[in-house]
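Input: a single structure, listed below in structure tokens.
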Amino acid sequence: MQGFQWLRTGVLAALASGAAFAAAPAQAQGALVMYCGVQEEWCRAMSTAFERDTGIKVAMTRKSAGEIYAQLKAESSNPRGDIWWGGTGDPHLQAAEEGLTLEYESPVNKDLHDWALSQWKAAQKRSVGIYAGALGFGFNTQQIKQKGLNEPKCWADLLDPKLKDDVQVADPNSSGTAYNLLATVVQLMGEEKGFDYLKKLHKNVSQYTKSGAAPAKAASLGETAVGIVFIHDAVVFAVQGDPIKAVAPCEGTGYEIGSMSIIKGARNLDNAKKFYDWALTPAAQALAAPAKSYQVPSNKNSTVPPQAPKMSEMKMIDYDFVKYGSSAERTRLLTKWDKEVKALPK
Amino acid sequence: MRPATRLVLLLGWLGYAVIPWYLPDGVSLSQFGWLAGYPFGRAGTAFALALSGTAPWLLPVGVALLAVTLLLGRSESAAVGRTLIWAGLLGMVLFFAQGFAITLQGQGIPWLAALLGGSGAAQGGMGFGAFLTVLSLLLLLCHGLAYRGFCRGDIFTTSSIGIIVLLIGLFIFFPVATILQSALVDQAGAFAPGIFVARLFDSSIWGLGCVTANTNCGVAWNTLILAVLTGVITTLLGLACALLVLRTRMPGKRLMRALTVLPIITPPFVIGLALILLFGRSGVVSGLLYDWFSIPRSRWIYGLPGVLLAQVLAFAPIAFLVLIGVVQGISPSLEEASQTLGAKRWATFRTVTWPLLKPGLANAFLLGFVESMADFGNPLVLGGNFEVLSTKIFFAVVGAAHNQGQAAVLAMVLLVFTLGAFWVQQRWLGGKSYTTVTGKGDSGLPAKLPKPVTFISALVIVPWVALTFVIYVIILMGGFVKTMGRDHTPTLEHYRTGFAVDFSRGLFFEGAAWDSLFTTLKVAAISAPLTAVLGLLTAYLLMRQQFRGRHVLEFTTMLSFAIPGTVLGVAYILAFNVPPVEITGTGLILIIAFVFRNMPVGVRSGIAGLSQIDKSLDEASITLRARSFTTLWRVVLPLLRPALVSALVYSFVRSITSVSAVIFLVSAEYNLATAYIVGRVEAGEFGLAIAYSSVLIVVMAIGIGLIQLGVGERKLGRRSAIPLATSAAQPVK
């Protein structure tokens, strides 16, 4: 009797905890594990198109670039992913610096814009540019009209006292977008004047958001008058018909290079390379616009979506990705920003 | 030797000599290609691999089993017990030593590997054979202890304690230790205790800027203030609600029950989103206030008030669930006795009812406090410049700074707070007795509430229920209009994107959300019963069995609750991405994460329930020569039904709604609903996010209904007055 009862408990316990050891990750042949750093719809379009074109089964996970970087680092002793496609360039550079990704030279490289290749060089061949997006801001047209302001066109316009508590930007400690602003302002105005600008801007900032694109959403809803974001993030809402207008600042602005890297230790290395070459072709890059992503593609032969901000008409700074992408410079600037800007009273 | 011990030994040999030891890639039950070369090769058994010299370090584990086998014919004695203890203990030590020493090429512990005869060797993740073997060794050890008289010689008790300790060690302690170790390491990975001190005393954690100057306070203070406020308010709301529902004839009680439980089954972000649509600067309510009373639109919702409001809305129902069980359990006889002795309603409430509520209140407060500390979604959406530890930890890991060490330090601060609350609660409750469910006949009627209590409760609850109602109207509408707050054209577009089904060629789930929904349901349905069983079993052991280290065990079960989800997620990846336990990328890691994250609730509700049930009931059962297991199954469990329901409901719901713990653990194959919704919110597609959330709410409501139906009601055999008690006897909706 007792033995029988024990059997029952034992089996239950075994099933309960034994399941822990039972299943293995599927590593089928002809597969590709893709970490995708842009928005879901575009990720899905890319993975299904690649599956259709090559017959290689894609297992895609969408995460923010920062999350993917954190995951690569955590998995570095036993990598699970093959390719990291999309997301802002800085974490890609950092991964390259730490040797988490693999050197690769694609035959398609010759067709790429210079900025895409400069990312490739900065990363010591470990990462390549796939799209570019300029930094700027979006403003809510109704709110600006209500306040009796002219439409802001320049960085300087955001210092208007009437915009007090009506500008949003992300916290550079948590967002690549906001770090891009920090680095852009420093390069555009020089470090001292740049920090002066950020200190003045601090008086108008109602909230440093966590996510880089959040200020665009807030501006489209009217929760803030101005949101500093990548221009393409604001364009998404403008295309939807929300009262938001995207601006490329008149003084000039910086930009991000969305990137792609092959993960070191990839279990499906050949497929990763296939994907890498394929993703740089005009056909693959044309998938962005239908998925509501209006960045500028990196292949010279790709068609630029009509809604995309025209990089040629903007004043772009010569963004130094090597310097401002390095861990040391980033840590220095962020520490300085924390001390001199964020700690200021309102 | 008892028959059960022989059975356990058989289990061990099965795992060691018959079932494949490792977990080769591509295991499946339909194709058997991975079995090639059995019993050698990738799918080999430990016995064959050890004897053939491929993996000699597995040999000592077999010797331990052999030592026990030699005793098969002996009758039970203290000497046999001693051998069992030593064989089990040494076997397990050797088992884990080889597992951690010999892992991937170039990792592990080289000197230990050399000692075990596996210098330079590598091995993969352990499989089912290894699992059975270690389980058998553990149980042999526990049986040995029982033979020597531990826990009155009851093998069920010793084995349960053994299994729980092993599981907690492996799935809570080991990953947490892995990540906390990174607090002592600098960005480059070198050991640097100095940096730990610098990180710990950073002014961004402990600064008092909000008192001394016009800046923000340290994140630790923010978290603490928020958590205390949330804990107190949710407890009071939950109590008011429980009293109204059980002790008055208030109309609309059923609706109220349903509404107060709704927030529990609401995915995170959604309440925050709805609050913005209501109270944000361009929100509906703000607009009305401006138009009617010229109250200027402001941004008060972003910051402490908004987060507090959202958390209270989200967590008060948890307090309600805990307290409704406690209020139900208070013996009416005591209150009747008080009234018979001439006490007024108020005196009865103050001197009898209230003191009996104390353990429930303490538990409810602790849950609210800890929930608030671990909450991630609401501070993320509504925090504004008000930073709390959980969001700061998340962005320390994934943000531009990528500072895992800082995250670990922040996690430690958070841990200290949570465990501190636990300690205070223990001190407050002390060793007092709160037993009210006894074996004696109890046929009293619950006392009526004093008037002021009823009045205040109703005054608080009615607006709160109204607010909850409005929020759900917004959420329901949000899925059916184009853009909530801007373009209210009715549309089914969001539901079509997510949940389209194509019938043209048989049944094909076309919508983008189906995959994640199915995975979520599977994971939740598997993990909820496991959580409840493990939680209640632990509670039973803690409350009813005397053994050394009981307090340590109780403390440890709270640990995984105190660890913020993000940290747990990263810890699980760090710990379980490499052998010996290599389970990242599987659905299993999600189940395990949920079980151990939600287990504390099972333990808490079990403890709260058990502290009301007189020990003499179990003692009677034991005296009548029932074993521990029989007592647990036939006597305790039926009385614990409310606790079982809340444990099941809570873990089921939490598995569906939690975000932060799983955001690192989801994989392409096993994506979860919340991770998908967060992606939609990030992309600004609030419509689909809200539509998906509504679907989840409906699914969870059905799930909870099924749990109610399956578990049933506790029958306390109390006299009931008509018609009051008919509604009092309703199950928790």
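The values are calculated or read from the model by the stated rules, or taken from the named source; none is laboratory data. Since the model is a prediction, treat every value here as computed from it, not as a measurement. We place every Cβ from the backbone using ideal geometry, glycine too, and count neighbours over all the protein chains shown.
Could you say which residue among B:383, B:368, B:377 is within 11 Å of chain A (Cβ to nearest Cβ) and either of a type outside the set (D, E, K, R) or under 22 Å from residue B:680 (Cβ atoms) (or both)?
None of the other options fit; the residue is B:383.
Hey, could you check segment A:61-80 for residues that are within 10 Å of residue A:263 (Cβ to Cβ) and hydrophobic (A, V, I, L, M, F, W, C) and say which is surrounded by the fewest Cβ atoms within 10 Å (Cβ to Cβ)?
Looking at the filtered set, the residue picked out is A:72.
Could you identify the single residue in B:511, B:569 that is in contact (Cβ under 8 Å) with a residue 40 or more places away in the chain, within 30 Å of residue B:688 (Cβ to Cβ) and within 13 Å of chain A (Cβ to nearest Cβ)?
B:569
I'm trying to understand the selection: among the residues of segment A:276-319, which are touching a Phe, Trp or Tyr at 6+ places or on another chain (Cβ under 8 Å), polar (S, T, N, Q) and under 20 Å from residue A:34 (Cβ atoms)?
Once the filter is applied, which keeps residues that are touching a Phe, Trp or Tyr at 6+ places or on another chain (Cβ under 8 Å), polar (S, T, N, Q) and under 20 Å from residue A:34 (Cβ atoms), segment A:276-319 yields A:285, A:293, A:295, A:298.
Checking the conditions here, which among B:100, B:40 is within 14 Å of chain A (Cβ to nearest Cβ) and among the aromatic types (Phe, Trp, Tyr)?
Only one candidate qualifies: B:100.
Kindly indicate which of B:471, B:461 is closer than 16 Å to residue B:278 by Cβ and out of contact with any Lys or Arg (no Cβ under 6 Å at 6 or more places or on another chain).
Unique residue meeting the criteria: B:471.
Would you call residue A:215 buried (at least 23 other Cβ atoms within 10 Å of the Cβ) and at the interface with chain B (Cβ under 9 Å from one of its Cβ atoms)?
For residue A:215, the condition - buried (at least 23 other Cβ atoms within 10 Å of the Cβ) and at the interface with chain B (Cβ under 9 Å from one of its Cβ atoms) - is not met.
How many residues does segment A:35-55 hold that are within 12 Å of chain B (Cβ to nearest Cβ), of a type outside the set (A, V, I, L, M) and in a loop (DSSP other than H, G, I, E, B)?
Count: 2.
Since residue A:191 meets every condition but one in (1) surrounded by fewer than 22 Cβ atoms within 10 Å (Cβ to Cβ); (2) under 22 Å from residue A:322 (Cβ atoms); (3) touching a residue at least 12 places away in the same chain (Cβ under 8 Å), which condition does it not meet?
Going through (1) surrounded by fewer than 22 Cβ atoms within 10 Å (Cβ to Cβ); (2) under 22 Å from residue A:322 (Cβ atoms); (3) touching a residue at least 12 places away in the same chain (Cβ under 8 Å) one by one, residue A:191 breaks only (3).
For segment B:226-330, give me every one of the helices (runs of 4 or more DSSP H) that falls completely inside it and has 1 or more residues that are modelled with pLDDT of 85 or more and under 21 Å from residue B:380 (Cβ atoms).
B:270-279, B:304-329
What pairs come up if the first residue lies in segment A:167-184 and is facing chain B (nearest Cβ under 8 Å) and touching a residue at least 12 places away in the same chain (Cβ under 8 Å), the second is among the aliphatic types (A, V, I, L, M) and assigned to a strand (DSSP E or B), and their beta carbons are under 6 Å apart, counting only those six or more places apart or on different chains?
As it stands, the answer is A:178/A:169; A:178/A:170, since those pairs meet every condition given.
Conditions (1) farther than 30 Å from residue B:373 by Cα; (2) assigned by TED's automatic domain parsing to the domain that holds residue B:414; (3) among the aromatic types (Phe, Trp, Tyr), marked per residue:
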| site | (1), (2), (3) |
| --- | --- |
| B:454 | yes, yes, no |
| B:480 | yes, no, yes |
| B:483 | yes, no, no |
| B:516 | no, no, no |
| B:519 | no, no, no |
| B:522 | no, no, no |
| B:526 | no, no, no |
| B:529 | no, no, no |
| B:539 | no, no, no |
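If the requirement is being among the acidic types (Asp, Glu), within 14 Å of another protein chain (Cβ to nearest Cβ) and buried (at least 19 other Cβ atoms within 10 Å of the Cβ), which of these qualifies: A:256, A:329?
Every option except A:256 fails the conditions.
Scan (1) in contact with a strand residue (DSSP E or B) (Cβ under 9 Å, 6 or more places away or on another chain); (2) at pLDDT below 85; (3) among the hydroxyl-bearing types (Ser, Thr, Tyr) for the single condition residue A:48 breaks and write down its number.
Unmet for residue A:48, out of (1) in contact with a strand residue (DSSP E or B) (Cβ under 9 Å, 6 or more places away or on another chain); (2) at pLDDT below 85; (3) among the hydroxyl-bearing types (Ser, Thr, Tyr): (2).
If residue B:99 passes every condition in (1) modelled with pLDDT of 90 or more; (2) touching a strand residue (DSSP E or B) at 6+ places or on another chain (Cβ under 8 Å) but one, which one does it miss?
Only one criterion in (1) modelled with pLDDT of 90 or more; (2) touching a strand residue (DSSP E or B) at 6+ places or on another chain (Cβ under 8 Å) is unmet by residue B:99, namely (1).
Among residues belonging to segment B:195-216 that are surrounded by fewer than 19 Cβ atoms within 10 Å (Cβ to Cβ) and modelled with pLDDT of 75 or more, point out the one that is farthest from residue A:99 (Cα to Cα).
Top of the filtered list is B:206.
Out of everything in segment A:57-72 that is assigned to a helix (DSSP H, G or I) and touching a residue at least 12 places away in the same chain (Cβ under 8 Å), what residue ends up being nearest to the other protein chains (Cβ to nearest Cβ)?
That would be A:66.
Here is a list: B:118, B:125. Which entry is within 14 Å of another protein chain (Cβ to nearest Cβ), more than 20 Å from residue B:13 (Cβ to Cβ) and crowded, with 16+ Cβ neighbours inside 10 Å?
B:125
For segment A:73-102, enumerate the residues that are within 16 Å of residue A:123 (Cα to Cα), within 11 Å of chain B (Cβ to nearest Cβ) and either among the aliphatic types (A, V, I, L, M) or outside any helix (DSSP H, G or I) (or both).
A:88, A:95, A:98, listed by residue number.
For residues that are of a type in the set (D, E, K, R) and touching a residue at least 40 places away in the same chain (Cβ under 8 Å), scanning just segment B:544-566, find the one that is farthest from residue B:158 (Cα to Cα).
Looking at residues that are of a type in the set (D, E, K, R) and touching a residue at least 40 places away in the same chain (Cβ under 8 Å), I get B:554.
If we only count helices (runs of 4 or more DSSP H) wholly inside segment B:607-683, which ones have 1 or more residues that are touching a His at 6+ places or on another chain (Cβ under 6 Å) and either within 12 Å of another protein chain (Cβ to nearest Cβ) or surrounded by fewer than 23 Cβ atoms within 10 Å (Cβ to Cβ) (or both)?
none
Which condition does residue B:603 not pass, out of (1) of a type outside the set (Gly, Ala, Ser); (2) within 14 Å of chain A (Cβ to nearest Cβ); (3) buried (at least 19 other Cβ atoms within 10 Å of the Cβ), if it passes all the others?
Against the list (1) of a type outside the set (Gly, Ala, Ser); (2) within 14 Å of chain A (Cβ to nearest Cβ); (3) buried (at least 19 other Cβ atoms within 10 Å of the Cβ), residue B:603 comes up short only on (2).
Can you tell me which residue among B:183, B:192, B:177 is free of Cβ contacts under 8 Å to residues at least 40 places away in the same chain and farther than 29 Å from residue B:21 by Cα?
Checking each option against the conditions leaves just B:192.
Check segment B:554-568 and report whether any residue there is within 24 Å of residue B:130 (Cβ to Cβ) and buried (at least 24 other Cβ atoms within 10 Å of the Cβ).
Among the residues of segment B:554-568, not one is within 24 Å of residue B:130 (Cβ to Cβ) and buried (at least 24 other Cβ atoms within 10 Å of the Cβ), which makes the answer no.
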